[in-house]
Ligand SMILES: [Zn+2]
């Protein structure tokens with residue numbers, strides 16, 4: 001049970017059409033209801049603000065320290081990483097990111113925060129997690145330069161039987177997604193962005209077990225052939241899609257498989273330099289950037305459903321940067337906003353609505369201005385509602401977490 005809310009006077013933006021209409025909303029038990037159904041609930045004046053569904057970062061590692069040139073991760077165990085991840089998630093919520101999908105995080109840190117925020121202790125964003133990612137020996141995610149030995153990192157297994165056990169084990173731990181490292185990527189030294197790292201028998205087993213358990217699978221997947229096979233077998237989302245082509249785009253559309261493009265990881269060279277990416281990753285990122293943008297355009301052309309994710313930290317600032325990069329790559333601003341809000345919701349089982357309606361999960365943001373005229377207003381919401389709870393705000397971030405990660 002959460003305290004009901006009455007939200008009066010916002011112009012509600014429909015991200016499918018770009019049109020707004022003024023309507024009062026009630027919120028009760030985490031869900032949007034008719035305003036008449038919340039009795040004498042306290043009224044929040046949101047008149048003059050634009051209201052819409054909150055943003056989603058569908059590809060995160062909340063405690064991630066990509067490359068970590070300072071070596072922070074070597075002295076950190078699960079408790080310290082858990083705290084850092086929580087601050088990152090709360091800062092993101094203060095920047096309008098009310099939905100987060102974590103796709104590979106050690107020690108089930110994502111699942112613990114997701115449960116805490118869902119219970120309102122503390123109030124925070126909606127977090128769905130895959131827990132630990134699953135990869136094969138020597139596959140994507142092989143640590144550079146070495147593993148953080150104090151954490152339970154990815155599950156590294158080979159062969160159908162071991163993969164079946166890994167998927168079932170993640171279900172048992174409460175993962176809402178399964179994440180597999182199907183192809184190489186940028187991170188690890190001895191791989192290519194489209195080199196397949198599962199045998200067909202291994203991939204078929206993962207998909208058979210996950211489908212049987214009704215748990216969606218997200219695949220780190222750079223190559224076209226791997227994406228086609230993953231889509232045929234019922235895969236729910238292709239992550240990155242560095243080298244997808246028209247053929248793969250058609251297959252994804254036909255199967256209803258989503259793309260989470262994470263263009264930042266091949267496009268944001270300033271960030272790579274700042275974060276100390278090693279030469280193999282930097283060079284591969286730069287070499288993949290043009291094809292990655294072409295892959296996104298091919299998918300949009302073919303009608304593939306797109307959701308947004310940055311794959312970088314801190315989540316809040318990086319997700320906003322990702323939205324600008326998507327627009328720079330040729331995606332219409334309204335389509336970016338739709339992917340970042342309604343797209344994330346639909347991918348994560350929160351319904352197909354494109355504007356807050358009775359029955360919608362109440363993850364909402366209220367903005368001073370029109371995000372279609374000025375996307376910068378998206379990162380400075382006046383009010384944020386997540387899981388139907390109003391988050392306390394203080395100058396652009398939840399009051400207790402202004403410093404962020
Ligand atoms: Zn990632």
Look through region 215-234, keep the residues that are surrounded by fewer than 24 Cβ atoms within 10 Å (Cβ to Cβ) and under 20 Å from the mean Cα position of the chain (by Cα), and return whichever of them is farthest from the ligand (Cβ to nearest atom).
234
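If you scan region 229-252, which residues turn out to be in contact with a strand residue (DSSP E or B) (Cβ under 7 Å, 6 or more places away or on another chain) and within 12 Å of residue 304 (Cβ to Cβ)? Walk me through it before giving the result.
Restricting attention to region 229-252, the residues satisfying the condition of being in contact with a strand residue (DSSP E or B) (Cβ under 7 Å, 6 or more places away or on another chain) are 230, 235-243, 252.
The answer is 237, 238, 241, 252.
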Being without any contact (Cβ under 8 Å) to a residue 60 or more places away in the chain, within 16 Å of the ligand (Cβ to nearest atom) and in a loop (DSSP other than H, G, I, E, B) is the filter here, so list the residues in region 309-333 that pass it.
none
Being surrounded by 22 or more Cβ atoms within 10 Å (Cβ to Cβ), away from the ligand (no atom under 16 Å from the Cβ) and in a helix (DSSP H, G or I), is that true of even one residue in region 180-201?
no
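From the list 131, 77, exactly one residue is more than 19 Å from residue 345 (Cα to Cα), outside the structural domain of residue 391 (by TED's automatic domain parsing) and surrounded by fewer than 24 Cβ atoms within 10 Å (Cβ to Cβ). Which is it? Steps first, answer last, please.
Working: 131 fails: surrounded by fewer than 24 Cβ atoms within 10 Å (Cβ to Cβ).
Among 131, 77, only 77 is more than 19 Å from residue 345 (Cα to Cα), outside the structural domain of residue 391 (by TED's automatic domain parsing) and surrounded by fewer than 24 Cβ atoms within 10 Å (Cβ to Cβ).
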Give 60, 72, 50 a once-over and let me know the one that is free of Cβ contacts under 8 Å to residues at least 40 places away in the same chain and either under 30 Å from residue 150 (Cβ atoms) or buried (at least 20 other Cβ atoms within 10 Å of the Cβ) (or both).
72
Look through region 98-115, keep the residues that are more than 16 Å from the ligand (Cβ to nearest atom) and closer than 22 Å to residue 53 by Cα, and return whichever of them is surrounded by the fewest Cβ atoms within 10 Å (Cβ to Cβ).
115
Residues in region 368-382 that are over 19 Å from residue 14 (Cβ atoms) and not in a loop (DSSP other than H, G, I, E, B) total 2
The lone condition residue 336 fails out of (1) at positive phi; (2) not in a loop (DSSP other than H, G, I, E, B) is (1)
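Select the strands (runs of 3 or more DSSP E) contained entirely in region 11-72, then report the ones holding at least 3 residues which are at pLDDT 95 or above and away from the ligand (no atom under 16 Å from the Cβ). Talk me through it step by step, then tell me what you get.
Values: elements: 11-13, 20-22, 25-28, 31-33, 43-45, 50-53, 55-60.
The strands (runs of 3 or more DSSP E) meeting that bar are 11-13, 20-22, 25-28, 31-33, 50-53.
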For residue 138, work out the one condition from (1) in the same structural domain as residue 341 (by TED's automatic domain parsing); (2) over 25 Å from the mean Cα position of the chain (by Cα); (3) part of a helix (DSSP H, G or I) it doesn't fulfil.
(3)
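Check whether at least one residue in region 91-98 is part of a strand (DSSP E or B) and in contact (Cβ under 8 Å) with a residue 24 or more places away in the chain, and report yes or no.
From region 91-98, those part of a strand (DSSP E or B) are 97-98; that's our starting set.
Those left that are additionally in contact (Cβ under 8 Å) with a residue 24 or more places away in the chain: 97-98.
Yes, some residue in region 91-98 is part of a strand (DSSP E or B) and in contact (Cβ under 8 Å) with a residue 24 or more places away in the chain.
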Being touching a strand residue (DSSP E or B) at 6+ places or on another chain (Cβ under 7 Å) and either modelled with pLDDT under 95 or crowded, with 24+ Cβ neighbours inside 10 Å (or both), is that true of even one residue in region 320-337?
no
Residue among 128, 163, 111 that is part of a strand (DSSP E or B) and modelled with pLDDT of 95 or more
128
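The values are calculated or read from the model by the stated rules, or taken from the named source; none is laboratory data. No experiment lies behind these values; they were computed from the predicted model shown. Every residue, glycine among them, receives a Cβ derived from its backbone with ideal geometry; neighbour counts consider all protein chains shown.
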